[in-house]
Amino acid sequence: VRVFSRRADSAAPEGEGFCWQSTGDGSYTLSKASQVRTGTKVEITLKPDCAEFASRPNLERIIKKHSSFVTFPVKLHGERLNNVEPVWMKAKGSVTEEEHAQLYQHVGEAYDKPRYTLQFETDAPIAIKSVFYVPQHHREQMGMGQMEPCVSLYSRKVLITPKCDALLPAWMRFVVGVVDSEDIPLNISRESMQDSALLRRMNGVLSSRLLKFFAEQGKKDKAAYEDFYRNFQKFFKEGVCTDFSHQKEIMQLLRYETSALGAGELSSMDEYVARMRPDQGDTVYYLVTSSRTAAEASAYMEVFRKRGLEVLYCYQEIDDFVMQNAGKYAGKSLVSASAADLSLPEDTPAEGALSKEEAADLARWLQDGPLKGRVSEVKVSARLVDSPAVINEQGQSASMRRFMQMLEQSKAPELPKQALEVNPAHPIIRKLHASRASDEALAGMVAEPAGF
């Protein structure tokens with residue numbers, strides 16, 4: 001490598017400058033040189049077995065990767081290669097949609113236009129100029145595996161770390177963008193950057209700003225945000241389970257259908273809390289199920305309908321994991337409808353129901369007889385209306401077991417014994433009780449399938 005240089009204000013005779021030379025062995029020589037023009041010229045001579053590094057495709061790739069945004073033109077055989085504007089360095093209001101689209105397509109290797117654009121600049125606690133884009137779709141929904149981070153780190157428009165995984169939390173990997181900071185020295189090593197306290201501070205600032213931006217979009221255009229959420233909800237739910245420093249803010253971004261709203265209508269957690277009835281206490285109820293139809297047909301919903309309590313409908317297996325990880329929201333406990341300790345209103349009619357003694361006797365017979373060893377307990381239900389019986393989930397819920405089985409497909413989780421609740425007013429339960437007197441063996445055969 002030979003570097004020829006002459007200062008613009010040099011007092012040396014015209015054409016006289018210096019030459020720095022090295023073969024890359026750790027040493028160098030510095031000498032005077034003639035016919036040197038003002039400025040700097042670098043000459044690189046490749047070894048015979050490294051000629052491929054001088055090929056046009058390789059040179060184009062290197063220049064576009066590391067120097068796409070430098071101010072001065074970079075040319076190869078007379079053709080300028082750095083044609084993309086570093087829009088994050090411009091005033092926010094002066095950047096056109098076309099310029100944003102061009103940068104988004106360049107850094108995100110995309111062909112469409114971004115769904116959302118955030119240009120963000122701050123001087124404290126660290127100098128940052130940045131621009132972020134949210135794509136229309138993400139590759140993980142196409143079954144292409146987990147995406148790599150798509151936000152690169154620059155200093156003074158020079159690439160420091162491409163696809164830097166330390167700038168944002170892992171769950172924000174769907175975000176495309178550029179972060180530029182003059183506080184980062186150009187000669188810093190990649191290893192030093194990974195352990196940099198400066199980078200950790202940047203992560204906190206950028207994550208908080210993006211979360212605030214998403215919350216603003218949810219209020220600004222509800223329909224557009226809900227369309228975005230339907231496509232990207234898996235990332236927010238992953239964030240609740242992994243990004244504990246921002247868990248509260250991420251929970252505010254979740255949207256669910258509920259029993260109080262029409263099909264297809266989504267509610268935020270804050271909107272649900274605002275609608276809570278005074279007699280609901282400090283509990284937010286949710287039900288993990290496959291669809292709205294399944295939710296509305298669920299035996300677990302009977303007591304909620306009778307009491308007029310709203311329930312969040314969760315249609316993905318990970319939702320149970322999300323709710324259990326969060327535990328609380330706005331000071332209120334998150335409780336699954338399948339494990340809720342609720343009773344029907346006292347004035348609920350129960351014509352023809354078994355007496356308390358008859359119901360208790362039937363429960364003991366089921367537990368000690370046909371279902372012995374197959375359930376943990378049989379008890380009289382105080383929350384069923386139209387269903388003869390229901391499982392009172394204990395330990396891991398069914399949805400949680402299915403989720404864990406997806407993670408460990410070779411190992412099916414052991415099914416713990418569950419409690420069975422029976423409805424003393426249901427015709428099937430009443431007939432089962434009556435049949436014990438005439439043919440107990442037949443009654444036992446009828447009851448046995450209930451324990452699976």
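Every number here is computed from the coordinates shown, using simple stated rules; none is lab data. Computed from a prediction, not measured in an experiment: that's the story for all the values here. With ideal geometry, Cβ positions are generated from the backbone for all residues, glycine too; neighbour counts draw on all protein chains shown.
A few comments on the model shown:
- For residue 292, the shell of other residues with beta-carbons less than 13 Å away shows a net charge of -3, using +1 for Lys and Arg and -1 for Asp and Glu.
- Each 10 Å bin from zero holds the following percent of Cα-Cα pairs in segment 70-171: 12, 42, 34, 11, 0.
- Peptides ranked, highest mean first, by Cβ atoms within 10 Å: ranges 113-121, 175-183, 68-76: 175-183, 113-121, 68-76
- Lys/Arg +1, Asp/Glu -1 at C-beta; the chain dipole; positive extreme among 235, 51, 171: 51
- Working from the Cα coordinates of segment 1-80, the gyration tensor eigenvalues give, after taking √(5λ), semi-axes of 26, 19, 11 Å in decreasing order.
- Inter-part distance where segment 4-24 and segment 293-357 are each reduced to a Cα centre, Å: 80 Å
- Distance from segment 363-386 to segment 123-165 (C-alpha centre basis), Å: 56 Å
- Of 333, 272, 380, farthest towards positive along the dipole that unit charges on Lys, Arg, Asp, Glu beta carbons give segment 269-398: 333
- Peptides 417-426, 357-366 ordered by average Cβ neighbours within 10 Å, highest first: 417-426, 357-366
- Scaling the Cα radius of gyration of segment 190-305 by the globular reference 2.2 N^0.38 Å produces a ratio of 1.33.
- Per-selection Rg to Rh, segment 21-124 - Cα, Kirkwood hydrodynamic radius: 1.09
- Simple Cβ-charge dipole of segment 110-190, Lys/Arg +1 and Asp/Glu -1, about Cα centre, in debye nearest 20: 220 debye
- Dipole magnitude (debye, nearest 20) for the chain, charges at Cβ of Lys, Arg, Asp, Glu: 1440 debye
- All Cα-Cα separations within the chain were binned at 10 Å from zero, giving a P(r) of 4, 15, 20, 17, 14, 10, 8, 6, 3, 2, 1, 0, 0, each value a whole percent of the pairs.
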